[in-house]
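See below for the structure under consideration.
Quick note: the coordinates plus some simple rules give every number you see, no bench work behind them. Fair warning: this is a prediction, and the values are worked out from it, not measured in the lab. Cβ placement follows ideal geometry from the backbone for every residue including glycine, while neighbour counts extend to all protein chains displayed.
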Amino acid sequence: MAGFDKVVSSYEEAMAGLENNMTIISGGFGLCGIAENLIAEIKRKGTKGLTMVSNNCGVDDFGLGVLLPNRQIKKIVASYVGENAEFERQMMSGELEVELTPQGTLAEKMRAGGAGIPAFYTATGYGTPVAEGKEEREFNGRHYILEPAITGDFAIVKAWKADRYGNLVFRKTARNFNPLAATAGKITVVEVEEIVEPGELDPDQIHTPGIHVNRLIQGTFEKRIEQRTIRSSVE
Amino acid sequence: MALSREQLAQRVAQELKDGYYVNLGIGIPTLVANYVPSGMEVMLQSENGLLGMGQFPTEEEIDADLINAGKQTVTMATGASVFDSAESFAMIRGGHVDLTVLGAFEVDVNGNIASYMIPGKLIKGMGGAMDLVAGADNIIVTMTHASKHGVSKLLSRCTLPLTGKGCIKKVLTDLAFIEIKEGKFHLLERAPGVSVDEIIQLTEGELVISGEIPEMQF
């Protein structure tokens, strides 16, 4: 690597330095826009005791779900976890700690973490189990709870295109949590479908500036679909 | 007769207005999209990061990068935009969405809603529901009035963990359209052929009946 060139040559290099008991922030919504090859590398490395911050935890054999059979995840911070039998088993037996977090709060925790804001007030979750143990405050007659920001030792991100400097462009709803995760990792690792030379992306169209990206790798993706819903073409 | 799922969706659709930005939850709320009155334009917000959700794709149009909040493959309507999750919930939390429709397990007379968890049985998570109920002013909850065993879901006090506190003002069940105000349920309309007495029987929380209660019109 030289200068602003963020490109690494292997997945091993991309996830180098990941150690047991670290926190990883992950982009993706369901199986859409997940860093599937970076997840596979974490599985290969066998790193344990991980805290994963991710909207979902994949399905049994894809996405973050692949880290469950070898008990690599100690704790997950997520908004919705209902698609995964092994997950449910580990959660019910107490092997896996789950911190259910409202989706918008989760996104804002990442955004705030990456933006140097330690906590924020939100009405979301007031008067619910989510508010337990949190500071409450009233503004203009409405109740809010104080939610701490989240940062990670690593962030794993999937984008569509990047230039070698790590400027990122996402595609359609595969964007989701990815730009937020990208800002919240001490080491942000991004995998993309295509890497171009600096200058080839229109600066006006860049979603995440390269300053947030530490390592970049080009991969090939399965892009599994969770709910394949179609209409007949004759309509 | 209790309303069918389709009739519930049809009745909700009567609450739409031209130019509304609408978030529809999973299940019955999703069906509302099928009953948008002709000549009216509404734009559907999907909280994973899409404003202007279109219909399901054809086999040829399927795109793994384009899904809705139920993780179903969708398309984009003309004039759609995509954005990240923080922007999506800024819209929701900031009160910019005109109408939110979502389901629930229980609702009570104080506008509390329980919809995300049954301790010991079902722990899937709240997804965006807590943000939606906290951020929106205009919410319609769609649900069945009572369980199969006749146990009311319209309560004096919710028994399950709450999704939101004091945030629900309108509930459409398979039997009735109800407004919540001043710590009471108020019966606005009844499903065709359903008597006021039947609704009283299946409503555990205090229900105010004032005057003649009209049947829903379809």
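At a glance:
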read-out: Projected label distance in nm at residue B:212 and residue A:16, using a 7 Å step from Cα toward the beta-carbon; value: 8.2 nm
read-out: Listed residue (A:198, B:195, A:187) projecting farthest to the positive dipole end of the protein assembly as shown, Cβ model; value: A:187
read-out: Solution diffusion estimate, µm²/s, Stokes-Einstein, region B:5-208, Kirkwood Rh from C-alpha pairs, 20 °C, viscosity 1.002 mPa s; value: 122 µm²/s
read-out: Prolate/oblate/rounded label for the protein assembly as shown (Cα gyration tensor, a/c 1.5); value: prolate
read-out: Region B:2-66: trypsin sites (Lys or Arg not before Pro) in DSSP coil with no more than 15 other Cβ atoms inside 10 Å; value: B:17
read-out: Amide N proximity, region B:122-139 versus residue B:17 label position 7 Å along Cα-to-Cβ, cut-off under 19 Å; value: B:135-139
read-out: Which of B:115, B:42, B:80, positive extreme of dipole for chain B (C-beta unit charges); value: B:115
read-out: Neighbouring partner chain Cβ atoms per residue of A:103-115, average, 10 Å criterion; value: 6
read-out: Gyration tensor verdict on chain A (Cα atoms; rounded if a/c is under 1.5, prolate if a/b is larger than b/c, oblate otherwise); value: rounded
read-out: Selection of trypsin sites (Lys or Arg not before Pro), region A:15-62, meeting DSSP coil and at most 10 other Cβ within 10 Å; value: none
read-out: Sparse-neighbour loop sites [GluC sites (Glu not before Pro); region B:1-64; at most 15 other C-beta within 10 Å; DSSP]; value: B:41, B:59, B:60
read-out: Positive-end residue, the protein assembly as shown charge dipole about Cα centroid, Cβ charges, pick of A:133, A:119, B:207; value: A:133
read-out: Simple Cβ-charge dipole of region B:5-208, Lys/Arg +1 and Asp/Glu -1, about Cα centre, in debye nearest 20; value: 780 debye
read-out: Residue A:40-residue B:184 pseudo-label distance in nm [points 7 Å out on the Cα-to-Cβ vector]; value: 6.4 nm
read-out: Whether region A:1-51 is rounded, prolate or oblate, judged on the alpha carbon gyration tensor where a/c under 1.5 counts as rounded; value: oblate
read-out: Protection proxy ranking of B:107-113, B:94-100 - average other beta-carbon atoms within 10 Å, highest first; value: B:107-113, B:94-100
